[in-house]
Amino acid sequence: MSSERIVPGEVLGVEEEYVDGKNTYIDSSGVLRSAVVGVPRPNSSQKVIDVEPVRRLRAPLKGSTVVGMVYEIRENLAFVELWGEVSLEPRPRWLFEYSGSLTGVLTPEQIGMDRRDDIYSYVRPLDVIIARVMSSISPYLLSLRGQQLGVIYATCSKCGELMNPSGSTFVCPRCGNVEKRKMSPLASSRLLRIDLRRLALPH
Amino acid sequence: MKQRPEKFFDEHGNRLDGRQRDEMRPVDINIGVLSNADGSALVSYGKTKVIAAVYGPREPTWRYNVLPDRASLYVRYHMAPFSTEERKSPAPTRREIELSKVIRESLEPVVMTELFPRTAIEIYVEVLQSDGGTRTASITAASAALADAGIPMRALVGGVAIGKVDGVLVLDLNEVEDNFGEADMPVAAAPDLGLITLFQLNGVMTLDELKEGTDMALKAIERIVEKEKQALRESATEVEAL
C-alpha cells in the first residue's frame, strides 16, 4: 500500500506520454510530476494520469457537498459561512470540518428560484443549509439545485426558536409561525447532526 | 552561555559531538502529529526540534493579506521560551520576524498558490528545542506539513546549514559551531527540480569553499528530502473516499 504512494515532485511520466490530470503538473522541461501525496491512477486509454490524494485538501472543491449557515442576504444574494464537508451517499455523514472561516455565495439561479419570487421564501439568515460547491475559488459559488440539497435547520424569523419541519414548510413550536423554505429531505430525518450551539439560539 | 571550545576537532578529526565533518545529525521526521491542524510535522536534527502546523487554504486572518490571483503564504516562525539555554522572551524578536520571511520565501517557489486566489495558507513553526540550524529544520518541517495538509506543491523542500570552523567546512552546524565558527551558510533546495530556494551566507568563505559547501549541502538535502518522502509515504492517513 505505502510503496505505491507517491509524493510531491515525483516523476509520473513525460508530456509526450500522458496528459496532466488531477493533482499533477508538467514542469518547465516537460516532465509530468505529482503535486500531492497520493496514489497514481493512470488511465491508459485516455492517456491521463490523476493522483488520488491520501489526505483531501481541507478546502471546498468543485462538486463537494458542504454544510453552512446563511449569515446575510443582500440583493437576492445569500452569503453562507461554510462549516464543513459532508457525504450524502450511502447515508448522510460528516467528512470533516474546515479549520477557518470560508464564505460561499448563493445566487437566485442556483437556488432554482422563480424570478417573481422573493429569496426569503427559499433561504433566510441563520438557516443551516446543505449545498453543492460549483467553483473551487473563493468566494465559493454554491448551488441548492439537487434532490437532497436545501435547508436542514431553520430558525423562526419572529421569535428565533428552532423550527420543526412539517410537510414542505417549517413551523415554529413557540409562536406557531409558518415559514416556507427550499427544504432538504434531510430536514425531517435529522440524519445529519450539527452543533446547534453555533446558531446561538435564545435560551 | 556556552564557552568557546579550545578545539573544534579531536585528534582523529572528529567534531565535538563525534561527527565527521560531512556528517549530518540524525534526522527524524514525524507527520500528522497535531489533530487540530490541517497538516503538521515534527522534525528533529539531533537536539534541534521544530514543529510545524499548516492551515488552509482559508480566508485570511488579516484582510490585507488577500491577493487577487493567488493564495498568500503566511509564515510565523517562533521560538518557545523554553527552547534555549536561557529563557527566551516569548515576544517575537527582529530575528524571528526576519526568519519568518526567509522561510516563507524559500517555500513560495514550490507551493501552487495560483490554484487558490484570495485565500491564505498559514504556516506556524514553533521551535521546541534549539541547537543550531533551526531555520533549515523549520523549512523541512513546513514543507512536510504542507504536503500533509494536501496542499499542491511542485516538489518537497529540505534545508541544511554548512559552516566553517577552524578553517574547515562542516555540514549541519550545531549551536557551538554556529556561535564560534567563521561562517554559516544555510541552504534550502528542492532536489527533484534542481531548485535552490534559500541561499544565505554569514561570514567569510573563499569561492572554492563556497562551491564545495554548496555541493555538500545539496547532497545532504537530497538525503533529508528522501527521509521526508519516506515519512510522508508511511504517514498513517489512509486514502479517503471522495
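The numbers here are math on the coordinates, done by the rules we state, and not lab data. In this text, all values refer to a predicted model and were calculated from it rather than measured experimentally. Cβ: placed from backbone, ideal geometry, glycine included. Neighbour counts: every protein chain shown.
Tabulated data
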quantity	calculated
Degrees between helix B:94-107 axis and first principal axis of chain B (Cα, 0 to 90, nearest 10)	70
Dipole moment magnitude, nearest 20 debye, chain A about Cα centre, only Lys, Arg, Asp, Glu C-beta charged	880
For chain A, radius of gyration divided by Kirkwood radius, i.e. Rg to Rh on alpha-carbons	1.10
Highest average packing first - A:165-178, B:208-221, Cβ atoms within 10 Å	B:208-221, A:165-178
Kirkwood Rh, angstrom, chain B [1 / mean 1/r, Cα pairs]	18.4
Listed peptides B:14-24, A:118-128 by packing density, highest first (mean Cβ within 10 Å)	A:118-128, B:14-24
Rg/Rh for region A:2-53, where both radii come from Cα atoms and Rh is the Kirkwood radius	0.93
Inter-chain shielding of A:90-96 (mean C-beta neighbours from other protein chains, 10 Å cut-off)	1
Angle in degrees between helix B:207-234 and the longest Cα principal axis of chain B, rounded to the nearest 10	50
Mean-position separation - Cα centroids, region A:135-150 and region B:136-196, in angstrom	43
Residues A:Leu196 and A:Val11, FRET efficiency given R0 of 45 Å [Cβ-Cβ distance, rounded to 0.05]	0.35
Phi-based couplings in Hz for region A:135-148 (Karplus 6.51, -1.76, 1.60; Gly and Pro marked x)	9, 8, 10, 6, x, 6, 7, 10, 9, 10, 6, x, 3, 8
Estimated distance in nm for a label pair at A:Tyr71 and A:Lys22, the labels positioned 7 Å out from Cα along Cα-to-Cβ	2.9
Angle in degrees between helix B:134-148 and the longest Cα principal axis of chain B, rounded to the nearest 10	30
From phi via Karplus (6.51, -1.76, 1.60), per-residue ³J(HN,Hα) for region B:37-46 in Hz, x at Gly/Pro	8, 6, x, 7, 7, 10, 10, 10, 10, x
For region A:50-62, Karplus couplings with θ = phi - 60° (6.51, -1.76, 1.60), whole Hz, Gly/Pro x	9, 10, 8, x, 5, 10, 5, 4, 7, 8, x, 10, 3
Cross-link reach list, lysines versus B:Lys47, counting only Cα pairs under 27 Å and skipping chain neighbours closer than eight places	B:Lys2, B:Lys7, B:Lys88, B:Lys101, B:Lys164, B:Lys219, B:Lys227, B:Lys229
Whole-angstrom Cα spans of region A:68-172 along principal axes, big to small	33, 29, 25
Environment charge of B:Lys47, counting only residues whose C-beta is closer than 12 Å and scoring Lys/Arg +1, Asp/Glu -1	-4
Summed side-chain charge close to A:Asp20 - residues other than A:Asp20 whose Cβ falls under 15 Å, Lys, Arg +1, Asp, Glu -1	-3
Tally of Lys pairs whose C-alpha atoms are under 29 Å apart, taken over chain A, 8 or more apart or cross-chain	7
